[in-house]
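Report on the following structure.
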Amino acid sequence: MVIDLRPLDPLARVRAVLDGFAALGAGQGVVLLAARKDGEALAALQARHAGQFDWFVLADEPEEHQAILSRRAEGAPRRRTTLEFMETDHRRVDTLLAKIQAAAEAQDAAGVHALASQLKTGLAKHFRMEEELLLPVVAERLGSPRGPAIVLRDDHLFIASLVDKLIAQSHVVASGQVAAMADVVGLAKQLVNVLANHAGMEERLLYAVTDLLLSDVERDELVRRCQVL
């Protein structure tokens, strides 16, 4: 399901997003197409449906913004935790990587490129949430040494470089060099391994510690800020 918000005025965009969300069943999602990031619709969702939805960015170009809005499971707590929210994004990245591998094995260069672009956008925002919001909380509350933060940022740079190589190889394949698809498959497998180790460290340390340092209200507010970023 897709909702095109581009021809609508601001009030109609908010109404369309709220109506679209109301039509979703548990676990279902809808892709929102917009010319730019729409903070008003997200704010309306946060005000009326706290804790009931996820909102993740798929594309964030100057004239094209795409996000996926999904309804969480029935009975999900209205107040979120850092660990639960960030783990959800990790699982979404895992799904994207599985789709990239499947597209590569099917020799679908266009599919690989589209999915890898989504992966790059999603990981860029995920890394910003950690570096601009989570790590500063830990540093402020715990006086944490810079070492762990430097390790995480170094990992982020390395992962981003692998995604850039993946996108570059998809262009090579699209130009007719089908043999290069083996490199795409190899890069995708490398990303799976690197991200699994990286995500495990974050879930056991960064997210768990962040939640321990914050109250229920503070955790929920941090998740809201992550969604808006």
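Kindly indicate whether any position in segment 138-154 is at pLDDT 90 or above, surrounded by fewer than 18 Cβ atoms within 10 Å (Cβ to Cβ) and of a type outside the set (Lys, Arg).
yes
Only one of these is under 18 Å from Arg224 (Cα atoms) and either open to solvent by 30 Å² or more (accessible area, probe 1.4 Å) or out of contact with any strand residue (DSSP E or B) (no Cβ under 6 Å at 6 or more places or on another chain) (or both): Ala67, Ala43. Name it.
Matching residue, one of Ala67, Ala43: Ala43.
Which residue out of Leu191, Leu206, Leu123 is over 22 Å from Gln101 (Cα atoms) and either surrounded by 14 or more Cβ atoms within 10 Å (Cβ to Cβ) or of a type outside the set (D, E, K, R) (or both)?
The conditions single out Leu206.
Looking only at segment 8-34, count every residue that is open to solvent by 40 Å² or more (accessible area, probe 1.4 Å) and within 20 Å of Asp60 (Cβ to Cβ) and tell me the total. Give the derivation first.
So in segment 8-34, the residues open to solvent by 40 Å² or more (accessible area, probe 1.4 Å) come out as 8-11, 15, 19, 22-23, 26-28.
Among the residues that remain, those that are also within 20 Å of Asp60 (Cβ to Cβ) are: 8, 10.
Of the residues in that region, 2 qualify.
Identify all residues within segment 209-229 that are open to solvent by 40 Å² or more (accessible area, probe 1.4 Å) and closer than 16 Å to Thr81 by Cβ; write none if there are none.
Hits for segment 209-229 are Val209, Leu212, Leu213, Ser215, Asp216, Val217, Glu218, Arg219, Glu221, Arg224, Arg225.
Restricting to segment 80-120, what's the tally of residues that are out of contact with any strand residue (DSSP E or B) (no Cβ under 9 Å at 6 or more places or on another chain), closer than 29 Å to Gln169 by Cβ and either among the hydroxyl-bearing types (Ser, Thr, Tyr) or open to solvent by less than 20 Å² (accessible area, probe 1.4 Å) (or both)?
Matching residues across segment 80-120 total 14.
The values are calculated or read from the model by the stated rules, or taken from the named source; none is laboratory data. Because the structure is a prediction, the values reported are computed rather than measured. All Cβ positions, glycine included, derive from the backbone under ideal geometry; neighbour counts span all protein chains shown. The accessibility values were calculated without ligands, DNA or RNA, using every heavy atom of the protein model including side chains. Shrake-Rupley method; radii C 1.70, N 1.55, O 1.52, S 1.80 Å.
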